[in-house]
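The block underneath contains the structure these notes are about, expressed in structure tokens.
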2 protein chains.
Amino acid sequence: MPELRKDPTIGRWVIISTERARRPGVFFDIDENTEEEQDCPFCEHKETQTPAEIYAVRNHGTHVNGPGWKVRVIPSIKPFLRIEGNLNRRGYGLYDVMNGVGAHEVIVETPQHIANMADLSAHQIELVLQTHVLRINDLEKDQRFKYVLAYKNYGYLSGGGRVRHCRSQLIATPVTPVRVKEELVTAKKYFDFHDRCIYCDMIQQECETESRVVAECEHFVALTPFASRFTFEVWILPKKHGCDFAKSGAPGYHNLAVMLKKVLSKIKTGLNDPAYNFLIHSAPFRRNGGNSHQWKTIEEDYHWHIEIIPRLTRVAGFEKGTGFYICSIPPEETAKFLREVTV
Amino acid sequence: MPELRKDPTIGRWVIISTERARRPGVFFDIDENTEEEQDCPFCEHKETQTPAEIYAVRNHGTHVNGPGWKVRVIPSIKPFLRIEGNLNRRGYGLYDVMNGVGAHEVIVETPQHIANMADLSAHQIELVLQTHVLRINDLEKDQRFKYVLAYKNYGYLSGGGRVRHCRSQLIATPVTPVRVKEELVTAKKYFDFHDRCIYCDMIQQECETESRVVAECEHFVALTPFASRFTFEVWILPKKHGCDFAKSGAPGYHNLAVMLKKVLSKIKTGLNDPAYNFLIHSAPFRRNGGNSHQWKTIEEDYHWHIEIIPRLTRVAGFEKGTGFYICSIPPEETAKFLREVTV
């Protein structure tokens, strides 16, 4: 059973996994070979090579765990967290521990052997986003979970696995992740002072300034953040205020899919198909029976968004030691570059 | 001039560099070739190939910027921050900016073409540590700086450069880095409640438990932290309480050098010479004229230490998106493994 352990010197939870990459004496992560298409377990007609599906978008008349699907959700075979059991929160001298309870699902984004989400149709990406929404809303029913992170690792340098079949992952966690907590606290402070959402203000300033805008439509804006941590980092934000990706409503997902395809295609074409990570930042679950004043606050002050991080440079000791990131090209230049890539 | 920009959604300063890796159209960082010894500018007799030295430990009778040195400090040729000018703090709508003023020095740790600090003698490592101390105490005199980070990137995967000559770096910054602030805040909270240093308590518990101890001597303990973020992460802590590495006193540096050599050699031998980062976490400058009550607090509650992070796995989207780290092997197992490596 994996454990969640809290670093007492900094108040951060860490997952201590016991079931990943555990061949005795093999501690390394240096296998860059990718499997061939015929070995890919995520393709259509290979359904028996994966665990049984949790959910699938299926053609009419096809059977569970058989071919004929468009998007398919399966449990991770190497889960960071385990679905069974309770949290069993406990102390150990100075230290805090709980069982690594959570959910870890894999969303296979296409039945075909396509690697990059940029190469899916906007319609297919919309189906993927709707599947995210459906699974997140289903995981919310499990009272043990406070948060679901939806993310994608594309390419070897991103932490993606050897198999190059387009997929994303959902992790439901029993604690709110520290990065999201920091965003919530900062957004709340800003709202308390200004009575406005900091993200809404940022979107307004960016759309007026234009220099960091990569792409814009009626409902979304894609920009390189003013204080980018990573070169070519891009955020996609909905222009309409809302704290929760999975509650933001159906028509938006089509527009988001079109914007995602555009931005990911610009990154693929302009930067020679780099590895990237893709993350949805959304509010934690706000269930009835919780502190309703707190939930109301989050709905007013937080603003969901997507962060896309191309993996072009390595993170060095300076960044790791200080929390200071170094972005080697000003975001105004990377935005201009991406704006001018035609796709 | 590089800029420090603050991400308003999370309150984190980012360095936006304008002078590193800036060949037009070249955004990538994929050159894994290492230079040959004859091309190394850091070896003895190549002194004219580097900027003029800031300081050197020299044999009697040798000349500045000539051969005959043991440790040599030079300015970085690709500095993250620039020594000239003032901070010029300013706002830009929603955003905060200041000039990227700071110091960036390279400490060449040996005149010979040796790559890994593990292969230096304990005496040589002691000279390096004393050089760190001397330079940090000198940089403290510049009132613009709040902090100096001393760190090392060893090997390509660590963010180290192509040249494999043993060196470390010092960066003086005009703001206290967020990671150090988090440690200071957490340590203060613990001290306020318990009237004890959290690190001292941790050292006591670890030395009693023994399961996470990698090596121990009269003055230092090396351990894999209970909530390790990275597989085989090792911290070295002084048993005697003190908040400031550069004020911790001369006899300690010899013992620390011996401990460092031991731990780095175990990592090199046991893990097949991996890349690693090495960071000294120490208190910010506490100058006269500052808030003296605050300084007294830091001296009581903070505890300097060294963090060593072997780079065995890639950091994936999940970690980047949440601040949650996943450690794939329990630290009790990695400590046992390293304890049993003979060097």
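Readers should treat all values here as calculations from the given coordinates under stated rules, not as data from a laboratory. Here the structure is a predicted model, which is why all the values come from computation and not from measurement. Glycine gets a Cβ as well: all are built from the backbone with ideal geometry, and neighbour counts include every protein chain shown.
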* Under the definition of partner shielding as Cβ atoms of other protein chains within 10 Å of a residue Cβ, what is the mean value for peptide B:327-336? -> 4
* Which whole number gives the average, over all residues in A:175-182, of C-beta atoms from other chains lying within 10 Å of the residue C-beta? -> 4
* Structure fact -> Ratio for chain B, C-alpha Rg to 2.2 N^0.38 Å, reads 1.01
* Looking only at other chains, what is the average number of their beta-carbon atoms within 10 angstrom of each beta-carbon in A:150-157? -> 3
* Would you mind checking the radius of gyration and Dmax of the protein assembly as shown based on alpha-carbon positions, in Å? => 25.4, 90
* To do: Set the Förster radius R0 to 60 Å, insert the Cβ-Cβ distance between B:K240 and A:T269 as r into 1/(1 + (r/R0)^6), and round the FRET efficiency to 0.05.
  => 0.55
* Taking the label point 7 Å from Cα in the Cβ direction, how far apart in nm is A:C217 from each other copy of itself, listed shortest first? -> 6.3
* Asked: What FRET efficiency, computed as 1/(1 + (r/R0)^6) with R0 = 35 Å and r the Cβ-Cβ distance, is obtained for B:Q112 and B:M1, rounded to the nearest 0.05?
  -> 0.45
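Students often get this wrong, so check it: of B:K188/B:K266; A:K266/B:K181; A:K78/A:K141; B:K239/B:K268; A:K70/A:K268; B:K146/B:K239, which have C-alpha atoms separated by over 28 Å?
B:K188/B:K266; A:K266/B:K181
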* Structure fact -> Here the percent of antiparallel bridges among DSSP beta bridges lying wholly in the protein assembly as shown, to the nearest 5, is 95
* Structure fact -> Cross-link reach from A:K296 to aspartates and glutamates, straight Cα distance under 20 Å and at least 8 residues apart if same chain, gives A:E140, A:E182, A:E183, A:D192, A:D195, A:D201, A:D244
* Fewest-first sequence of A:S76, B:S121, A:S228 by Cβ atoms within 10 Å of each Cβ -> B:S121, A:S76, A:S228
* Structure fact -> Residues B:I114, A:I308, A:I15 in order from fewest to most other beta-carbon atoms within 10 Å are B:I114, A:I308, A:I15
* Report Rg(Cα)/(2.2 N^0.38 Å) for region B:3-173, keeping two decimals. => 1.14
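Once a ≥ b ≥ c are taken as the square roots of the eigenvalues of the Cα gyration tensor of region B:111-238, is the result rounded (a/c under 1.5), prolate (a/b larger than b/c) or oblate (a/b not larger than b/c)?
Since a/c reaches 1.5 but b/c is at least a/b, the shape of region B:111-238 is classed as oblate.
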* Asked: Which helices of chain A meet both criteria: a Cα extent of 20 Å or more along the helical axis and a mean Kyte-Doolittle score no lower than -1.0, with helices taken as whole DSSP H segments?
  -> A:122-139, A:178-194, A:250-270
* To do: For B:G11, place a label point 7 Å out from Cα along the Cα→Cβ vector, do the same in each other copy, and report the separations in nm, one decimal, smallest first.
  => 0.9
* Label-to-label distance, nm, for residues given as A:K141 and B:R162 (7 Å Cα→Cβ offset) -> 5.8
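Could you tell me the relative contact order of chain A? Use alpha-carbon pairs under 8 Å, at least six residues apart, and round to a whole percent.
In percent, rounded to a whole number, it is 17.
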* Structure fact -> Once B:A250 and B:N88 are pulled to full extension, the length gained, defined as 0.36 nm per residue separation minus their Cα-Cα distance, is 54.5 nm
* region A:178-340: radius of gyration over Cα atoms, expressed as a fraction of 2.2 N^0.38 Å -> 1.07
* To do: Averaging sequence separations of C-alpha pairs under 8 Å and six or more residues apart, then dividing by the length of region B:3-173, give the relative contact order as a whole percent.
  => 23
* **Alpha-carbon centroid distance for the pair region B:212-244 / region A:172-239, whole angstrom** => 38
* Asked: For region A:178-340, what is the relative contact order in percent, using Cα pairs closer than 8 Å and at least 6 residues apart in sequence?
  -> 33
* **Antiparallel bridge percentage (DSSP; both residues within region A:3-173; nearest 5)** => 95
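Restricting to DSSP H runs of at least four residues, report the calculated mean residue ellipticity at 222 nm for chain B, -39500 (n - 2.57) per run over all residues, nearest 500 deg cm²/dmol.
Result for chain B: -9000 deg cm²/dmol, rounded to the nearest 500.
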